[in-house]
Number of protein chains: 2
Amino acid sequence: MGRRKEEAGLSTNRSGGHRLTLTRIAEEVGVSAMTVSNAYNRPDQLSEALRERIFETAGKLGFHGPDPVGRSLRRQRTDVVGVLYSNPLSYAFDDPAAVSFLSGLSSVTEEADLGLLLVSATGGGLVAGRNPKAAAQAAVDGFVIYSMSEEEPLLATALSRQLPAVVVDQPLKEGVPFVGFDDEAAARAAAEHLLDLGHERFAIVSFALSPDGWEGIAEPDRQERAAFRVSRLRLRGYRGAFEDAGLSWSEVTVYECPGSTKELGHRAAEALLSSERRPTAVFASSDQLALGVIEYALEYGLSVPEDLSVVGFDDIPAAGSVDPPLTTVHQDHAQKGVLAGRMLVAQLRDEDFPNAGSLQTSLVVRGSTSAPRKP
Amino acid sequence: MGRRKEEAGLSTNRSGGHRLTLTRIAEEVGVSAMTVSNAYNRPDQLSEALRERIFETAGKLGFHGPDPVGRSLRRQRTDVVGVLYSNPLSYAFDDPAAVSFLSGLSSVTEEADLGLLLVSATGGGLVAGRNPKAAAQAAVDGFVIYSMSEEEPLLATALSRQLPAVVVDQPLKEGVPFVGFDDEAAARAAAEHLLDLGHERFAIVSFALSPDGWEGIAEPDRQERAAFRVSRLRLRGYRGAFEDAGLSWSEVTVYECPGSTKELGHRAAEALLSSERRPTAVFASSDQLALGVIEYALEYGLSVPEDLSVVGFDDIPAAGSVDPPLTTVHQDHAQKGVLAGRMLVAQLRDEDFPNAGSLQTSLVVRGSTSAPRKP
DNA sequence: TCGCATATCTTTAACGTTAAAGTAGTGTAG
DNA sequence: CTACACTACTTTAACGTTAAAGATATGCGA
């Protein structure tokens with residue numbers, strides 16, 4: 001069922017061995033190349049009549065405007081911004097938070113007439129490795145660096161190009177504008193909510209603290225070494241709230257998952273709920289993880305929220321419609337995208353830009369949390 | 001809260017008035033520019049020692065590889081594929097089907113080490129207009145043309161560039177490889193399902209037949225003029241099934257919505273269900289529309305499926321978990337993306353490519369359809 | 001009639017890279 | 001010691017565009 005290009009009826013842009021260029025059109029019309037260029041880019045620089053004549057000839061020969069690459073080389077800009085992502089792009093499209101972010105970002109780049117080039121760290125030849133060249137070879141005017149680990153090679157490569165850039169979520173880099181949520185405050189608010197309800201025994205189901213694929217209980221030393229700013233800040237937020245309430249952090253178990261799926265949450269709950277001093281409340285780093293925790297809890301014979309309160313993070317669309325509806329931290333990812341876009345566009349234009357810094361989140365209290373059952 | 005670029009600690013890539021280039025490094029090391037180029041692109045063309053010396057000097061000066069634009073100009077390729085979208089990109093990110101498609105597409109382009117450039121028709125300056133220049137100015141090696149109307153100016157501009165291309169969903173263009181679902185068969189299967197259950201009075205809630213924003217009952221002449229292939233084929237599928245069953249197409253009301261949201265489905269149901277000869281079954285062009293129809297039906301006092309059967313299209317994640325669970329046509333959008341990617345990559349490499357053509361769909365029967373209530 | 005602004009087009013010179021062909025020098029088989 | 005292959009580099013010449021400055025003609029007020 002295959003067919004070759006030639007048979008597919010595609011012809012090339014050549015005729016007489018020459019690719020069509022401004023110069024070729026110029027020869028045909030009998031003017032200079034510059035004038036043809038002006039016909040496309042500065043209509044006021046030539047007479048209406050000549051401009052029409054040029055377009056007519058161009059149309060006849062099948063020329064459709066100056067070559068973008070030649071233009072970019074000469075102008076020293078591409079009108080494209082690159083989005084750098086650590087994982088395969090398909091992960092990004094499968095992650096509602098990333099998609100919302102891109103939605104917000106694209107609304108700004110589009111308004112500014114910039115293209116959006118998606119670049120991922122995981123290249124073709126490499127089996128499971130990273131390809132920092134991707135960032136070196138992207139023809140862009142600036143980068144949006146989306147949630148990377150401090151050590152990601154792509155990050156270093158991108159920053160070394162000295163282009164305008166914005167970092168989203170992590171890591172914080174001196175001199176590079178940043179947008180992210182106030183994760184510490186968010187976690188603190190979630191913790192205070194459950195403290196207010198009277199809980200005292202907590203466990204945390206976190207997604208990766210560091211990008212090494214580890215899964216299991218994360219002891220304090222590992223918590224401190226966390227490479228991911230977001231995870232680190234959240235732990236700090238929980239801890240701060242607990243200690244303000246007079247509880248000891250050492251009694252809080254942190255289970256680290258190498259990703260953010262329902263299955264991982266399920267496994268984490270399995271490990272946490274069988275403990276002697278079973279927690280009465282679990283904080284999860286994402287709604288997916290939280291749903292997995294709830295799933296296991298129900299299988300295990302616990303009722304939610306009576307026996308176990310669960311708080312998620314993200315407020316995905318499903319959060320409100322599952323049973324029980326999920327108490328979770330709402331974050332406006334699209335707005336984050338908008339701000340990242342604005343900050344980058346402002347840099348590209350050499351304008352002042354709002355240094356957004358940390359965005360506020362809000363705790364949405366639903367049915368998965370309540371006061372603990374009296375002993 | 002703003003700050004200027006200068007204060008942000010960003011420095012440029014220049015020193016001594018010179019931008020860093022291969023040539024600059026070559027001078028510094030005392031070799032030709034070509035040798036520096038080879039150091040990056042063809043390590044086997046120079047001695048290991050010299051190569052190291054070049055990298056060392058490059059590192060010292062802060063040069064991080066050949067400029068992508070210069071390379072693209074010389075090589076006459078960009079290693080980027082463009083995705084053309086008729087609407088604002090943020091719509092694409094808000095549409096689960098488009099996101100799944102991109103997920104599949106990106107898995108292929110990534111494997112082939114190609115960047116993905118998202119280009120939309122709606123440009124910056126324009127208030128509500130189209131910007132065909134976007135396709136003319138994209139520095140890409142090929143296009144994925146995503147579900148466009150026949151008349152979309154962006155389409156003509158893109159095709160006129162004579163680059164490798166793949167059309168997704170619509171329109172069918174002579175000589176341009178195509179991927180899409182077999183919408184006629186899908187609609188026919190849905191119709192046959194309800195015919196088998198004994199239904200005889202049908203209505204259809206379609207998304208746009210043509211891109212003019214019209215909303216309301218679409219009479220047969222408008223149906224025939226439909227610019228969107230997908231909508232046209234589905235109507236043909238329903239009609240074929242009905243007529244095979246001896247029913248008259250003229251008794252089937254088609255309500256056209258200018259988009260695909262729950263609200264539009266709600267309005268469509270309002271118009272359709274108040275008719276004298278109320279239909280016992282409704283076919284919707286998307287699950288979103290179907291959910292809106294069901295919502296209105298319930299408000300109107302009808303029970304689903306007892307009083308009204310509803311069939312959706314897409315099988316979005318929520319389809320299985322709403323009440324009643326939605327009978328719908330499942331389509332594998334990610335697979336469509338994979339195929340589109342493979343077809344484009346094959347063209348770029350001048351290889352044979354699979355001409356995917358129409359992908360099969362499957363009807364997922366859930367709780368929103370049943371036999372009609374006996375009169 | 002002169003001076004000067006204006007409109008319309010041209011010339012020059014990069015922008016940064018790499019394919020292709022060329023030049024030495026070195027080893028090595030006959 | 002000659003012919004030939006091989007390694008390690010260099011030279012040349014585009015790839016297609018446009019910023020900046022220059023040229024020429026025309027109009028127009030004084």
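The values are calculated or read from the model by the stated rules, or taken from the named source; none is laboratory data. Keep in mind that what you see is a predicted model, and the values were worked out from it rather than measured. In this analysis, Cβ positions are derived from the backbone assuming ideal geometry, glycine residues included, and neighbour counts consider all displayed protein chains.
Which one of these does A:Tyr85 not meet: (1) away from DNA strand D (no atom under 16 Å from the Cβ); (2) modelled with pLDDT of 95 or more; (3) buried (at least 21 other Cβ atoms within 10 Å of the Cβ)?
Failed condition: (2).
How about the range A:80-112: which of its residues are in contact with a helix residue (DSSP H, G or I) (Cβ under 8 Å, 6 or more places away or on another chain) and under 30 Å from A:Phe55 (Cα atoms)?
A:Thr109, A:Glu110, A:Ala112
Give B:Thr261, B:Thr328, B:Thr253 a once-over and let me know the one that is under 30 Å from B:Val83 (Cβ atoms), of a type in the set (Val, Ile, Thr), in contact (Cβ under 8 Å) with a residue 24 or more places away in the chain and surrounded by fewer than 21 Cβ atoms within 10 Å (Cβ to Cβ).
Just one listed residue meets the conditions, B:Thr261.
Can you find a residue in the range A:243-255 that is at pLDDT 95 or above, closer than 20 Å to A:Thr328 by Cα and assigned to a helix (DSSP H, G or I)?
No, the range A:243-255 contains no residue that is at pLDDT 95 or above, closer than 20 Å to A:Thr328 by Cα and assigned to a helix (DSSP H, G or I).
Suppose the filter is facing another protein chain (nearest Cβ under 7 Å) and either crowded, with 22+ Cβ neighbours inside 10 Å or of a type in the set (Phe, Trp, Tyr) (or both); does B:Ala134 pass it?
No: the conditions fail for B:Ala134.
What number of residues within the range B:39-50 satisfy the criterion of being within 14 Å of DNA strand C (Cβ to nearest atom) and either of a type outside the set (A, V, I, L, M) or within 14 Å of chain A (Cβ to nearest Cβ) (or both)?
8
Kindly check whether there is at least one residue in the range B:288-299 that is out of contact with any His (no Cβ under 6 Å at 6 or more places or on another chain) and not in a helix (DSSP H, G or I).
No, because not a single residue in the range B:288-299 is out of contact with any His (no Cβ under 6 Å at 6 or more places or on another chain) and not in a helix (DSSP H, G or I).
For the range B:305-323, which residues satisfy the criterion of being in contact (Cβ under 8 Å) with a residue 60 or more places away in the chain, away from chain A (no Cβ under 14 Å) and either touching a helix residue (DSSP H, G or I) at 6+ places or on another chain (Cβ under 8 Å) or over 17 Å from B:His193 (Cα atoms) (or both)?
Passing the criteria: B:Asp307, B:Ser309, B:Val311, B:Phe313, B:Asp314.
Pick from A:Glu215, A:Glu200, A:Glu192, A:Glu219: which is within 13 Å of A:Gly237 (Cα to Cα) and at pLDDT 95 or above?
The conditions single out A:Glu192.
It is to be established whether one or more residues within the range B:293-308 are crowded, with 23+ Cβ neighbours inside 10 Å and not hydrophobic (A, V, I, L, M, F, W, C).
Yes: the range B:293-308 contains one or more residues that are crowded, with 23+ Cβ neighbours inside 10 Å and not hydrophobic (A, V, I, L, M, F, W, C).
Filter the range B:52-86 for residues that are acidic (Asp, Glu) and either under 17 Å from A:Val81 (Cα atoms) or at the interface with chain A (Cβ under 7 Å from one of its Cβ atoms) (or both) and give the result.
Scanning the range B:52-86 gives B:Asp67, B:Asp79.
Would the range B:206-222 turn up any residue that is closer than 18 Å to B:Pro372 by Cα and surrounded by fewer than 23 Cβ atoms within 10 Å (Cβ to Cβ)?
Taking every residue of the range B:206-222 in turn, none turns out to be closer than 18 Å to B:Pro372 by Cα and surrounded by fewer than 23 Cβ atoms within 10 Å (Cβ to Cβ).
Taking the range B:47-65 as the region of interest, how many residues are away from DNA strand D (no atom under 12 Å from the Cβ) and of a type outside the set (S, T, N, Q)?
Of the residues in that region, 10 qualify.
Looking at B:Phe283 and the list (1) assigned to a helix (DSSP H, G or I); (2) under 19 Å from B:Glu192 (Cα atoms); (3) of a type in the set (A, V, I, L, M, F, W, C), which single condition is not satisfied?
Only one criterion is unmet by B:Phe283, namely (1).
Identify, by number, the condition in (1) within 16 Å of DNA strand D (Cβ to nearest atom); (2) touching a residue at least 40 places away in the same chain (Cβ under 8 Å) that B:Phe143 doesn't meet.
Among (1) within 16 Å of DNA strand D (Cβ to nearest atom); (2) touching a residue at least 40 places away in the same chain (Cβ under 8 Å), B:Phe143 violates only (1).
Please indicate, with yes or no, whether at least one residue in the range B:117-125 is within 19 Å of A:Glu110 (Cβ to Cβ), more than 7 Å from every other protein chain (Cβ to nearest Cβ), at pLDDT below 95 and surrounded by fewer than 20 Cβ atoms within 10 Å (Cβ to Cβ).
yes
Taking the range B:138-155 only, how many residues are within 22 Å of A:Gly70 (Cα to Cα) and not charged (D, E, K, R)?
Of the residues in the range B:138-155, 6 are within 22 Å of A:Gly70 (Cα to Cα) and not charged (D, E, K, R).
Does the range A:66-88 hold any residues that are near DNA strand C (Cβ under 9 Å from one of its atoms) and of a type in the set (Ser, Thr, Tyr), and which are they?
Passing the criteria: only A:Ser72.
Which of the helices (runs of 4 or more DSSP H) contained wholly in the range B:8-61 include at least 2 residues that are among the hydroxyl-bearing types (Ser, Thr, Tyr) and at pLDDT below 95?
none
A:Gln170: under 20 Å from A:Asn87 (Cβ atoms) and not in a strand (DSSP E or B), yes or no?
yes
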